[in-house]
Structures are given as structure tokens and as C-alpha cells.
Amino acid sequence: MFIPLGDDNSDRKIRPIVNYAFIGLNLFVFFFLQGMGTNLSFTYSLSTVPQEILTGVDIVTRETVFTDQGSGERFLVPGLGVTPISVYLTLLISMFMHGGLMHLLGNMLYLHIFGDNLENLMGHLRYLIFYLTCGILASLAHVFTSAALGANLLIPSLGASGAISGVLGGYFLLFPRRRVRVMIFYFISEVPALIAIGVWFVFQLINSLSMFGGGDGGGVAYGAHIGGFIAGLVLVKFFLLNK
């Protein structure tokens, strides 16, 4: 168990209102629009479906039984619903949706800790554009990785993980030595961001290896995590106020 708890914000000069807004929007969508995960019609209509992005065609399917190739576990997957807007807009909307409460809380913890530092250096508008750009690029990375590796292109993806991965990539580049409080099993310690985020990235790489065997990463879009992280590394300096 390796969980970040906080970092040094002593140099922060502005209130991270955009970061707060992103957190609030994610909470609103999950609790009120997704019904804490019970509104499957909403979720399976507006999640990003790789096949839809590749073809530009909305796909409606019946519910099916899916077998996880890693664990052999079988579970019922609801069918894809009608997308009432352009399927390409799901790249944006799905980054504010989550598959469960722990998925939501984990993402919001990372966003709360690391996002404000970037907003402080970018300003509100540039941080907003940076976050959304990383999220969209992360989703596209998942789509094209899934297609290249022969994964099931009808499995929808959702969540803020790709955009937050971009935030982590930017933080990793700008603040590699900043101290981050972490819980390591039952102990609390401080480590450089280089280690705190590096451990997270290595975990994504290890888990993504299952995709090379034709699996779907246990239903987790690790391609989006890695793609978002790389996008954050590449783009972050273009969004700084004082370059």
C-alpha cells in the first residue's frame, strides 16, 4: 500500500479554483448523474467506446457475459446505450465519470494533492486547457493502444485517470524533488515526488503488460494512464506563465 497524503504548498500564490471546480464536477457527475454508479443507462451511453471513436458511428449492443482473461472471473456487462450527442464528445464527458466510489476517491485524492501546484504556475485558464487536453489525449491513447493490441474495442472507458496522469507527468517534471507525504503500509513518511510519482508510473507499466497478451488490463485503461502521463511531460512547459 503506497498512498500519497499531501505535499508542500508553501509557495502557492493563487487559490486553485479550477482544480476545486474539477473535483466538484467529478463529484457531481458521479453522485447525481451516475447515481453513484446505479444509472447504467447514463454511464453506458456516454463512456468512451474505442470502436465508436475509430468509426465515428454510435454503437448499441445487448448485455453480454464478459470473462476476464487474467482472473477467469465472469460478470455481466450491460449493453451500450444510445449516445445522444456526437460520439467524439464522449472523450470529454467520460473524463468526469467514474466506475465506482473508490475509483472516484482515489482519483480525487491525486488531483487534490498535485493539481493545485500546476495551476499555481499556469494560472487558471492555462491549467484548465492543459487538464482537458491531457485527458483527451489520454483517451485517444487508450483507443489506439486497444486497437493496436487487438483488445475488445466495445469495452467502454471512463474516469479522470488520464487527465490526472497528465497532471502527474507535469508535476514529475517540474517538482521532482518536492517532498510528498505518503503512507507506506501503516507508516507515514516523506519522499521526493520523483519517487512518489515514479512508483505510480512503474505500477502502470507493470499492469499494462497484460494488454500485450491480448488482455484488457483487468478493465482498467492503462494505455490512457501512460498516454496521459507522457502528454503531461511533453506539454507542461508550454502552459507555464513564466517560461
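We did not get these values from a lab; they are worked out from the coordinates using the rules stated. Note that the coordinates shown come from a computational prediction; the quantities given were computed from them, not determined experimentally. Backbone-built Cβ (ideal geometry, glycine too); neighbour counts: all protein chains shown.
Sorted on the mean count of surrounding Cβ atoms within 10 Å across their residues, most packed first, peptides 109-120, 56-67, 225-236 read 225-236, 109-120, 56-67. Between amide H atoms placed 1.01 Å from N, distances below 5 Å from Arg178 occur with Ala193, Leu194, all of them 5 or more places distant or on a separate chain. The relative contact order of segment 86-243, computed from alpha carbon pairs under 8 Å that lie at least 6 residues apart in sequence, is 33 percent. Take 136-144, 40-48, 165-173, 15-23 and order them by the average number of nearby Cβ atoms within 10 Å per residue, most first; the result is 165-173, 136-144, 40-48, 15-23. In this rough spin-label picture, where each label sits 7 Å from Cα along the Cβ direction, the Ile184-Ile14 distance is 3.5 nm.
Stretching Glu73 away from Lys237 to a fully extended chain increases their span by 54.7 nm, per 0.36 nm per residue minus the current alpha-carbon distance.
The slack in the chain from Leu105 to Asn39, taken as 0.36 nm per residue of separation less the alpha-carbon distance, amounts to 21.9 nm. Taken over segment 92-236, the percentage of Cα pairs per 10 Å bin, counting from 0 up to the bin with the maximum distance, is 12, 42, 34, 11, 0.
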